[in-house]
Amino acid sequence: MPYRGSFVAVGPRIYMFGGDQKNIALSIDCISHTVQTLPSMHVPMSNSSANIINGRIYVIGYCDNNRGKNVMVVFNTATQMWEHEIIKIDFGLAYTWLRCVVMADKIYMRDYYNSFVYDPKKSIWETDEMLNSKKWMNGCVVDDVLYYHYRHENEIRAYDPKQRCWSVVKGLEELLSETTNSLVSRTVSYCGKLVLFFGKRSSWKVRCAEILMERRQGGELWGKVEWYDHVLTGVNFYWSKALAVVV
């Protein structure tokens, strides 16, 4: 799989778009372990990012590796076809991509410098200054709340778009003591829980924790570790994205 491609999980399938081959689109069936070639993207796209809303996958990226020409195309998973419209993006996007997430049927994305919000019902881009105040990356969404592991302070941060506020998840001090000096970490939403993967180059081991989130009186977010263990050994640490697939 191309490192610079974008990946989206839909049930037992993983959809892959763009990357080194730019206009390629693939569907990977994780039950039969087969790959299907999909209709090519309308435009060659590199450094893409993607997510899904109501069966439609929105793919955002540089058109033909041109950083000044940013577009978004839509793939319909029901028809397995691309929609005709190419959505132009009028603002510039930095070269470093940090992925996008979906909350309350809106796409929240961030490049290295700024955050942006796309509302597909209104076909408009919006800004959220509070969201933009943190350089969130490699995040996931559980119950319409964005979570990510901020390695520099070694904490799980959360953003609630309804309240438009950031907070730090409490109750995870023991787990996070294990992640000190981790080389890489990724979060993923799985069955209504937050899953944290992290690894250290010194041991070449990847560890995983399943965390149940709860909101307590006063609105504080607390995490409870339900399962934690070492899951992989001897893998490289240049992960692109963590995905939860239903099989």
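Each Lys and Arg adds +1 at its Cβ and each Asp and Glu adds -1 at its Cβ; summed about the Cα centre, segment 127-220 shows a dipole of about 360 debye.
How much net charge surrounds D119 when only other residues with a Cβ under 10 Å from its Cβ are counted (Lys, Arg +1; Asp, Glu -1)?
My count for the surroundings of D119 gives +1.
Across every direction, the projection of the convex hull enclosing the Cα atoms of segment 183-235 has a mean area of 4.2 nm². Rounded to a whole number of µm²/s, how large is the Stokes-Einstein D of segment 125-187 at 37 °C and 0.692 mPa s, given Rh as the Kirkwood radius over C-alpha pairs? It comes out at roughly 263 µm²/s.
Solvent-accessible surface of segment 163-247, taken per residue with a 1.4 Å probe and all protein chains present: 59 Å².
The chymotrypsin sites (Phe, Trp or Tyr not before Pro) of segment 1-72 that meet both conditions, a loop assignment by DSSP and at most 12 other Cβ atoms within 10 Å of the site Cβ, are Y3. Projecting the Cα atoms of M16, I31, A158 onto the charge dipole of the chain, computed from C-beta unit charges around the Cα centre, puts M16 farthest toward the positive end. Rounded to the nearest 20, the size of the Cβ-charge dipole of segment 204-247 about its Cα centre is 120 debye, with Lys and Arg at +1 and Asp and Glu at -1.
With all projection directions averaged, the alpha carbon convex hull of the chain covers 13.5 nm². In plain terms, the chain from T79 to K135 could stretch by 16.5 nm, reckoned as 0.36 nm per residue minus the Cα-Cα distance.
Would you work out the relative contact order for segment 99-247, in percent, from Cα pairs under 8 angstrom that are 6 or more residues apart?
Numbers: 295 pairs, mean separation 22.6, N = 149.
Relative contact order of segment 99-247: 15 percent.
The simple spin-label model puts a point 7 Å past each Cα toward its Cβ; for S177 and H33 those points are separated by 4.1 nm.
Here segment 109-247 is described by how far its Cα atoms reach on the three principal axes: 47, 35, 35 Å, from widest to narrowest.
Residues of segment 143-186 falling in the label zone of A244, defined by backbone nitrogen less than 15 Å from a point 7 Å along Cα to beta-carbon, are 143-148, 186. If R0 is taken as 22 Å, the Cβ-Cβ distance between I87 and N23 corresponds to a FRET efficiency of 0.85.
In this simple spin-label model, placing a label point 7 Å from the Cα along the Cα-to-Cβ direction at both K170 and N114 gives a separation of 3.6 nm.
Can you list, largest first and rounded to whole Å, the semi-axes you get for segment 57-181 by taking the square root of 5 times each eigenvalue of its Cα gyration tensor? Don't skip to the end; give the middle numbers.
Working: eigenvalues 172, 52, 40 Å².
Semi-axes (√(5λ), whole Å): 29, 16, 14.
Under a Cβ-only charge scheme (Lys and Arg +1, Asp and Glu -1), can you give me the dipole magnitude of the chain about the Cα centre, in debye to the nearest 20?
Numbers: 29 positive and 25 negative charges, 80 e Å.
Once rounded to the nearest 20, the dipole reads 380 debye.
The values are calculated or read from the model by the stated rules, or taken from the named source; none is laboratory data. These numbers were taken from a predicted model, which means no experiment stands behind them. Here the Cβ is made from the backbone with ideal geometry for all residues, glycine too, and neighbour counts use every protein chain on show. Surface areas here come from the heavy atoms of the whole protein model, side chains and all, with no ligands, DNA or RNA. Shrake-Rupley method; radii C 1.70, N 1.55, O 1.52, S 1.80 Å.
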